1. Excluding the sites themselves, what is the longest stretch of the chain that contains no GluC sites (Glu not before Pro) in a DSSP loop with at most 12 other C-beta atoms within 10 Å?
2. Among the chymotrypsin sites (Phe, Trp or Tyr not before Pro) in the stretch 1-93, which ones are in a DSSP loop with at most 11 other Cβ atoms within 10 Å of the Cβ? Mind listing them?
3. What number do you get for the chain when its Cα radius of gyration is normalised by 2.2 N^0.38 Å, N = residues?
4. Among the DSSP beta bridges whose two residues both lie in the stretch 5-136, what percent are antiparallel, rounded to the nearest 5?
5. In nm, what is the difference between 0.36 nm times the number of residues separating ALA25 and LYS41 and their Cα-Cα distance?
6. Quick one: if you stick a label point 7 Å off each Cα along the C-beta vector at LEU135 and PHE33, how many nm between them?
Amino acid sequence: MNETDAFLRRILTRDHTIAVVGLSASWHRPSYFVASYMNGKGYRIVPVNPRYAGERILEMEVYSSLQEIPFPVDMVDVFRNADDVPPIAEAAIEIGARTLWQQLGVANADADLMARQAGLDSVMDRCTKIEHARLFGGLHWAGVNTGVVSATRRGNRS
């Protein structure tokens with residue numbers, strides 16, 4: 001499905017608790033960067049990664065599965081291989097999530113169909129951070145909004 005900006009904006013405005021499946025504890029990994037950005041924008045990030053279960057990432061407790069999270073989750077944001085997504089989609093349906101979001105480079109059509117048939121919104125092959133920044137401001141060539149717009153080169157070039 002070709003998601004419209006209005007569709008993506010509705011999800012990102014509505015869904016404030018995001019379970020990030022496959023969140024890495026390494027600051028240089030895309031999952032960590034995205035979760036950190038979304039956390040900084042006021043979203044509640046819930047790390048899900050059996051490798052780090054019981055530990056903390058971004059100062060938040062890590063759960064080994066979606067089913068272990070003891071509170072409602074709005075969005076399940078997936079940083080896993082596409083082949084791993086169907087059971088994650090099933091778990092997202094089971095816990096009552098509103099959205100299944102497959103990150104940039106992740107696109108499992110069966111999981112997408114399963115989620116949609118269960119009434120969830122579903123997004124494939126898009127980045128929550130990029131879409132949030134694009135739709136709500138903050139997109140910059142380096143991934144951050146510096147607040148400086150200039151065509152003048154820095155330094156003396158005489």
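Derivation of every value follows stated rules applied to the coordinates shown; laboratory data play no part. This structure is a prediction, so every number in the text was calculated from the model and none was measured. Methodologically, a virtual Cβ is constructed for each residue, glycine included, from the backbone with ideal geometry; neighbour enumeration extends over all protein chains shown.
1. With GluC sites (Glu not before Pro) excluded where exposed in loops, the chain gives 60-158 as its longest stretch.
2. In loop regions of the stretch 1-93 (DSSP not H, G, I, E or B), the sparsely surrounded chymotrypsin sites (Phe, Trp or Tyr not before Pro) are TRP27.
3. 1.12
4. Approximately 10 percent, going by the DSSP bridge assignments.
5. Length gained, ALA25 through LYS41: 3.8 nm.
6. 2.1 nm
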